[in-house]
Amino acid sequence: MLLRIILRMELRMSDAQNVGADLLYGLEAIADFVGLTIPQTKHQIAISGWPTFKQGRIVCARRSTLAKHFAAQEAAAAAASRDA
C-alpha cells in the first residue's frame, strides 16, 4: 500500500515537472519560442487564434499545444496546395 502511494506521488511530481517544462509564461517566452518579436506574437495571437490562456494578466501557452497547432496549420496548407 505504501509503495502505491509513493509511486503515485512520484508520478504526480514528474507530471508537474513536465507541465512546468511545457509552460511558456508571458509573451516574451512565447515570442522566443516561435522566433518572433513580442508585437508580432501579440498580432498572431489576436489574428490567427494561437492557443493561449491567461494566468491573471499574463498570457501563457504550452509548447506542446503550440506545436500541435502549427502542425495542424501546416497539414491544412499542404492539403490545400495539393487540391489546387
* Asked: Got at least one residue in the stretch 44-51 being under 21 Å from GLU74 (Cα atoms) and modelled with pLDDT under 95?
  -> yes
* Asked: Scanning the stretch 35-72 for residues that are hydroxyl-bearing (Ser, Thr, Tyr) and assigned to a loop (DSSP other than H, G, I, E, B), which turns out farthest from LEU23 (Cα to Cα)?
  -> THR37
* Asked: How many of the residues in the stretch 20-44 are among the polar types (S, T, N, Q) and over 15 Å from PHE70 (Cα atoms)?
  -> 2
* Which pairs do you get when a residue that is within 20 Å of LEU27 (Cβ to Cβ), found in the stretch 56-84, comes within reach of a residue that is assigned to a strand (DSSP E or B) and not polar (S, T, N, Q), reach meaning Cβ atoms under 6 angstrom, with the pair 6+ apart or on two chains? -> CYS60/TYR25; CYS60/PHE53; ALA61/LEU24
* Asked: Which of the residues spanning the stretch 26-79 are exposed (fewer than 10 other Cβ atoms within 10 Å of the Cβ) and aromatic (Phe, Trp, Tyr)?
  -> none
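The values are calculated or read from the model by the stated rules, or taken from the named source; none is laboratory data. Owing to the predicted nature of the structure, the values given are computational and were not obtained by experimental measurement. Counting neighbours? That spans all protein chains shown, and the Cβs are built from the backbone with ideal geometry, glycine included.
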